[in-house]
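**Q** Attaching a single structure in structure tokens format; questions to follow.
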Protein chains: 2
Amino acid sequence: MSQQPGWFTEAHQASGSSIGFRTEQLLHSEKSAFQTIDIYQTTDWGKLMVIDGCIMLTARDNFFYHEMMTHPALFTHACAKQVVIIGGGDCGTLREVLRHDEVEHVVQVEIDERVTRLAEQYFPELCESNGDPRAELLFEDGIKYLAAVPAESIDLVIVDSTDPVGPAAGLFNTAFYASCFKALRHGGLLVQQSESPLVHLELIKSMRAAMHAAGFSARRTLPFPQPCYPTGWWSCTMARKGGELHDFRERGALSKKFHTHYYNAEIHKAALAQPEFMREALVE
Amino acid sequence: MSQQPGWFTEAHQASGSSIGFRTEQLLHSEKSAFQTIDIYQTTDWGKLMVIDGCIMLTARDNFFYHEMMTHPALFTHACAKQVVIIGGGDCGTLREVLRHDEVEHVVQVEIDERVTRLAEQYFPELCESNGDPRAELLFEDGIKYLAAVPAESIDLVIVDSTDPVGPAAGLFNTAFYASCFKALRHGGLLVQQSESPLVHLELIKSMRAAMHAAGFSARRTLPFPQPCYPTGWWSCTMARKGGELHDFRERGALSKKFHTHYYNAEIHKAALAQPEFMREALVE
């Protein structure tokens with residue numbers, strides 16, 4: 001599917017559907033050591049980042065994803081002090097994690113430094129916490145990093161990656177989840193972006209089976225709107241090392257000291273509700 | 001934006017975004033007395049209906065919309081016996097309403113008979129309840145119909161229309177809501193499709209203000225995923241003549257005797273949760 005003039009359109013072959021944004025200008029295009037990164041100015045969605053032809057984020061709608069990849073996990077954990085982000089090169093996830101005062105140290109392990117450098121230039125609002133003394137930005141392979149981390153040293157691992165192909169393929173299997181499990185303290189959490197519940201339900205099932213095989217005692221998939229991703233509907237899947245996942249620190253969420261656009265205590269509860277077809281498919 | 005070969009794409013000018021589906025074949029195209037109606041066979045979404053260039057529904061994802069336009073209202077009303085559907089020509093809303101045993105009579109008032117005839121031909125699964133003795137299909141102007149209905153004779157009005165332009169423009173103002181209010185019995189409900197919470201928030205605010213002006217005592221906007229509509233995220237807005245809208249017949253929803261794909265009691269509660277930016281914008 002070639003591009004119409006004035007629009008960037010991602011045709012998602014696996015689902016036979018496409019999403020596009022009207023553009024004003026291609027601001028930047030480069031081949032990094034890992035991938036092709038394009039930045040567009042759109043007419044209505046602010047700046048748009050595209051990696052290998054796949055829409056990564058727009059300035060207007062990334063709040064759904066970044067808030068839902070962080071606050072449900074951080075308000076589920078009793079007190080997450082040590083956090084690791086795998087991927088997350090645009091730094092929006094890092095910014096949301098650092099809104100939590102209980103967090104003492106966050107390591108972001110992004111394989112492609114160019115994603116972060118371009119985010120700093122074109123999405124400065126996402127990078128505004130990069131200088132926080134609690135933040136450490138590494139540019140290396142997240143799979144190797146987690147495999148080498150001391151056992152039981154981490155409270156929360158957030159896997160904020162691209163789709164499960166190419167460099168991210170190794171983030172969706174039992175070997176990787178076993179590294180996460182070993183790295184986490186008892187009660188620790190893993191949360192990973194898990195694609196569209198409508199068209200990637202088999203992937204979600206296999207992720208949850210692999211998390212179970214790696215030793216995680218509970219798993220939950222939380223759907224949320226995400227207009228720029230295929231079907232406009234996305235999810236994250238949480239897994240816990242010891243303990244359950246049906247509850248969260250509701251009082252903490254109700255009295256949070258920072259502003260959000262999508263997330264709040266009600267929305268957290270709502271995201272734990274399973275649509276009928278997911279409830280039927282994800283019986284464990 | 002012209003069409004790529006093999007795809008039908010709707011460019012939504014107001015939001016600068018587009019959604020498309022890969023097609024195999026244009027099955028039918030006609031100009032009715034009111035609009036142009038096209039039916040495509042897609043590769044992954046079953047049949048697709050397009051009216052005046054706007055995607056109306058696909059066979060694969062219409063369940064979100066049809067279930068959320070009906071079951072929350074029917075499980076909120078104590079016992080809706082008399083139901084009117086304005087629009088709804090594809091008959092999917094009618095089918096869902098008729099799943100409720102308490103419903104004694106449903107009138108569907110669609111202005112364009114051709115929409116229903118084409119739905120019968122290309123979406124027979126949506127029309128499977130058209131022969132139900134409780135169903136009455138009229139092909140006339142819904143605004144005039146409701147203005148002439150005896151006062152306090154209806155329990156639930158469902159406005160399942162196209163966008164608020166063209167023939168549907170008159171369904172989004174105080175005069176129309178005043179007709180609905182008059183037609184409804186005390187405790188009766190109006191539910192109307194209310195576009196994308198992300199890009200049509202001003203419309204939602206003006207709808208709710210007009211519903212308030214028409215006398216409705218409570219209003220709620222329920223978001224839900226809808227991949228084929230702009231942003232992939234849609235909503236319905238409910239209004240009540242007397243009484244509140246924070247509660248529903250949860251026990252009824254838990255023990256419902258029919259199958260759904262999206263809706264269940266948990267999802268009903270979840271749809272009542274307001275994302276933070278909606279909560280801020282819709283304070284009344």
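The values are calculated or read from the model by the stated rules, or taken from the named source; none is laboratory data. Please read all numbers here as calculations on a predicted model, not as lab measurements. In this analysis, Cβ positions are derived from the backbone assuming ideal geometry, glycine residues included, and neighbour counts consider all displayed protein chains.
**Q** Check the range A:120-131 and report whether any residue there is over 21 Å from residue A:61 (Cβ atoms) and either without any contact (Cβ under 8 Å) to a residue 12 or more places away in the chain or under 15 Å from the mean Cα position of the chain (by Cα) (or both).
**A** yes
**Q** Still on this structure: Kindly provide the set of residues from the range B:37-83 that are within 11 Å of chain A (Cβ to nearest Cβ) and β-branched (Val, Ile, Thr), ordered by number. If you could, list the steps in order and put the result at the bottom.
**A** Within the range B:37-83, the first condition is being within 11 Å of chain A (Cβ to nearest Cβ), and the residues that meet it are B:42-46, B:48, B:55, B:58, B:60-61, B:63-64, B:67-68, B:71.
Of everything in the range B:37-83, those that are within 11 Å of chain A (Cβ to nearest Cβ) and β-branched (Val, Ile, Thr) turn out to be B:42, B:43, B:55, B:58.
**Q** A further question on this structure: On the basis of being of a type in the set (Ser, Thr, Tyr) and within 14 Å of chain A (Cβ to nearest Cβ), does residue B:221 make the cut? If you could, list the steps in order and put the result at the bottom.
**A** Numbers: of a type in the set (Ser, Thr, Tyr): yes; within 14 Å of chain A (Cβ to nearest Cβ): yes.
Answer is yes for this residue.
**Q** Take the residues in the range A:174-198 that are of a type in the set (A, V, I, L, M) and surrounded by fewer than 20 Cβ atoms within 10 Å (Cβ to Cβ); name whichever of them is farthest from residue A:246 (Cα to Cα).
**A** If we take residues in the range A:174-198 being of a type in the set (A, V, I, L, M) and surrounded by fewer than 20 Cβ atoms within 10 Å (Cβ to Cβ), then A:175 is farthest from residue A:246 (Cα to Cα).
**Q** Go through B:246, B:212 for me and flag whichever is within 14 Å of chain A (Cβ to nearest Cβ) and surrounded by fewer than 22 Cβ atoms within 10 Å (Cβ to Cβ).
**A** Exactly one of B:246, B:212 is within 14 Å of chain A (Cβ to nearest Cβ) and surrounded by fewer than 22 Cβ atoms within 10 Å (Cβ to Cβ), namely B:246.
**Q** Scan the range B:118-142 for residues that are assigned to a helix (DSSP H, G or I) and either buried (at least 16 other Cβ atoms within 10 Å of the Cβ) or not assigned by TED's automatic domain parsing to the domain that holds residue B:84 (or both) and jot them down.
**A** B:118, B:119, B:122, B:126, B:127, B:142
**Q** Say whether the condition of being in contact (Cβ under 8 Å) with a residue 60 or more places away in the chain, at positive phi and within 16 Å of the chain's Cα centre (by Cα) is met by at least one residue in the range B:85-92.
**A** yes
**Q** I need a count of the residues in the range B:224-243 that are crowded, with 17+ Cβ neighbours inside 10 Å, away from every other protein chain (no Cβ under 13 Å) and of a type outside the set (Val, Ile, Thr).
**A** 5
**Q** May I pose another question? With the requirement that a residue be touching a strand residue (DSSP E or B) at 6+ places or on another chain (Cβ under 6 Å) and crowded, with 23+ Cβ neighbours inside 10 Å, what does the range B:78-89 give you? First the steps, then the outcome.
**A** Keep residues of the range B:78-89 that are touching a strand residue (DSSP E or B) at 6+ places or on another chain (Cβ under 6 Å), which gives B:80-88.
Across the range B:78-89, the qualifying residues are B:80, B:83, B:84, B:85, B:86, B:87, B:88.
**Q** Can I ask one more? Restricting the search to the range B:179-209, which residues are within 14 Å of chain A (Cβ to nearest Cβ), within 13 Å of residue B:159 (Cβ to Cβ) and of a type in the set (Ser, Thr, Tyr)?
**A** Listed by number, the list is empty, since nothing qualifies.
**Q** Against the definition (under 28 Å from residue A:265 (Cβ atoms), under 15 Å from the mean Cα position of the chain (by Cα) and modelled with pLDDT of 95 or more), how does residue A:154 come out, yes or no?
**A** no
**Q** For the range A:200-248, how many residues meet the condition of being farther than 27 Å from residue A:79 by Cα and assigned to a loop (DSSP other than H, G, I, E, B)?
**A** Summing the residues that are farther than 27 Å from residue A:79 by Cα and assigned to a loop (DSSP other than H, G, I, E, B) in the range A:200-248 gives 5.
**Q** Looking for whichever is without any contact (Cβ under 8 Å) to a residue 40 or more places away in the chain and within 17 Å of the chain's Cα centre (by Cα) here; the options are B:26, B:57, B:98. Which one fits?
**A** Checking each option against the conditions leaves just B:98.
**Q** Do we find a residue being of a type in the set (D, E, K, R) and at pLDDT below 95 anywhere in the range A:222-245?
**A** Residues of the range A:222-245 of a type in the set (D, E, K, R): A:240-241, A:244.
Adding the requirement that they be at pLDDT below 95 leaves A:244.
Looking for residues that are of a type in the set (D, E, K, R) and at pLDDT below 95, one finds at least one in the range A:222-245, hence yes.
**Q** In the range B:142-168, which residues are free of Cβ contacts under 8 Å to residues at least 12 places away in the same chain and over 15 Å from residue B:51 (Cα atoms)?
**A** B:144, B:148
**Q** If you don't mind, there's one more thing I want to ask. Which members of the range A:253-284 meet the condition of being outside any loop (DSSP other than H, G, I, E, B), crowded, with 17+ Cβ neighbours inside 10 Å and more than 8 Å from chain B (Cβ to nearest Cβ)?
**A** A:253, A:265, A:268, A:278
**Q** For the range B:162-173, check the following and say yes or no: at least one residue is out of contact with any Cys (no Cβ under 8 Å at 6 or more places or on another chain), assigned to a helix (DSSP H, G or I) and crowded, with 20+ Cβ neighbours inside 10 Å.
**A** Checked the range B:162-173: at least one residue is out of contact with any Cys (no Cβ under 8 Å at 6 or more places or on another chain), assigned to a helix (DSSP H, G or I) and crowded, with 20+ Cβ neighbours inside 10 Å.
**Q** Tally the residues that are touching a Leu at 6+ places or on another chain (Cβ under 8 Å) and small (Gly, Ala, Ser), restricting the search to the range A:169-211.
**A** 4
**Q** For the range A:1-86, which fully contained strands (runs of 3 or more DSSP E) count at least 3 residues that are touching a helix residue (DSSP H, G or I) at 6+ places or on another chain (Cβ under 8 Å) and outside the structural domain of residue A:160 (by TED's automatic domain parsing)?
**A** A:17-31, A:47-51
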